[in-house]
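Every read-out reported here was derived from the displayed coordinates using simple, explicitly stated rules and does not represent laboratory data. Owing to the predicted nature of the structure, the values given are computational and were not obtained by experimental measurement. Heads up, the Cβs are rebuilt from the backbone with ideal geometry, glycines too, and the neighbour counts pull from every protein chain shown.
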Amino acid sequence: MTGIGYDVHRFSANRPLVLGGVTIPHSHGLEGHSDADVLCHAIADALLGAMGLPDIGHYFPPGDAACKDISSLRILEKCRDLAAEQNLAIVNVDSTLIAEAPKVLPHREAMRHNIGAALGIRPERVGIKATTNETMGFVGRKEGIAAMAVAQVREDGGPS
């Protein structure tokens, strides 16, 4: 089964930038109730969609004080647990970050490791790509970052 996810967050001057569970040096972080990790959020929604479940806002409501500033890796761990409850195995995730800056490549392997560990899959099963928006739109004006993801799950019949 396959699901898709999309998320976007605007930049905020007074927060760290967290992508794929990695704090990345940058002039701005992302605005949000959790750590605003746009990459993990897109992956979570893709996984939840593949399982036929509601989106992350259902499990982690933006107004819930218990969710304030939590690591989005915990959101991915919840997706892993929900998959296990349904006897589903996460096969792989593939994602694209859309941002003019910062450069993602220096942090890609750490992101793959963090996401794979949270999901209980090998890092090789975590695809992370990055592109710009060619200076067009809100991403091009450096107002925020967007992410897209696709995920596959299958009935659990062995190791993924």
_C-alpha long axis of helix 38-50 to longest principal axis of the chain, angle in °_ = 30
*asked:* With +1 on the Cβ of every Lys and Arg and -1 on the Cβ of every Asp and Glu, and nothing else charged, how large is the dipole of the range 2-155 about its Cα centre, in debye rounded to the nearest 20?
replied: 340
_I want to verify a result. In a Gaussian network model of the chain, Cα cutoff 10 Å, which of these has the top mean-square fluctuation: GLY20, GLY127, GLY57?_
GLY57
*asked:* Tell me the mean residue ellipticity at 222 nm calculated for the chain from its helices only (DSSP H runs of n ≥ 4, each -39500 (n - 2.57), averaged over every residue, nearest 500).
replied: -8500 deg cm²/dmol
*Highest mean first, what order results for 128-138, 84-94 on Cβ atoms within 10 Å?*
84-94, 128-138
*Identify all lysines with a Cα-Cα distance to LYS68 below 17 Å; exclude those on the same chain that are fewer than 8 residues away in sequence.*
LYS78
_Most positive-pole-ward Cα, VAL104, HIS41, PRO54, against dipole of the range 2-134 from beta carbon charges_ = VAL104
*Once volume of the Cα convex hull per residue in Å³ is worked out from the coordinates, which option in (i) 120; (ii) 96; (iii) 157 does it equal?*
(ii)
*Quick one: helix 108-119 against the long Cα principal axis of the chain, what's the angle to the nearest 10°, folded into 0 to 90?*
40
